[in-house]
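Please read the structure below before turning to the comments.
The values are calculated or read from the model by the stated rules, or taken from the named source; none is laboratory data. All figures in this text were calculated on a predicted structure; none of them were measured in a lab. Because the Cβ atoms are built from the backbone with ideal geometry, glycine has one as well, and the counts that use them run over all protein chains shown. Note: accessible area is taken over every heavy atom of the protein model, side chains too, but ligands, DNA and RNA are not part of it. Shrake-Rupley method; radii C 1.70, N 1.55, O 1.52, S 1.80 Å.
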Amino acid sequence: QVQLVESGGGLVQFGGSLRLSCAASGSIPSIYVMGWYRQAPGKQRELVAKIFDSGMTVYADSVKGRFTISEDKANHTVYLQMNTLKPEDTAVYYCTLSSPTYWGQGTQVTVSS
């Protein structure tokens, strides 16, 4: 089993920044992908960004140029630096580690206009 603990969510004004963190512990596979998903009220959960074991990153079009995913592999921690936040970024953000896929409990990000 893998445990994921997220932190860093909160309330921020339009144009502001937040940094999310997710620390993994437990039986972590030697090769894995970590990522961030989000789910806004009434919407489906969607991929925000992921980082592969090679360091390659993938971003949703809606966050390209504003969000940056990074990883501290030594400490099995992934970060999501979110800049120029918009109200439409408001959602619960979930950390994932795969595969198999494990999910964190989620952290709320609210951007006020």
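Worth a mention:
- Distance between the pseudo-spin-label points of Arg45 and Arg66 (7 Å out from Cα toward the beta carbon): 2.2 nm.
- Placing +1 on the Cβ of every Lys and Arg and -1 on the Cβ of every Asp and Glu, with no other charges, gives the stretch 36-113 a dipole of roughly 140 debye about its Cα centre.
- Highest mean packing first, where packing is the average number of other Cβ atoms within 10 Å per residue, the peptides 90-97, 27-34 line up as 90-97, 27-34.
- Neighbourhood net charge (15 Å Cβ-Cβ; Lys/Arg +1, Asp/Glu -1) for Thr57: 0
- The share of accessible area on the stretch 1-107 that comes from carbon and sulfur is 51 percent, using a 1.4 angstrom probe.
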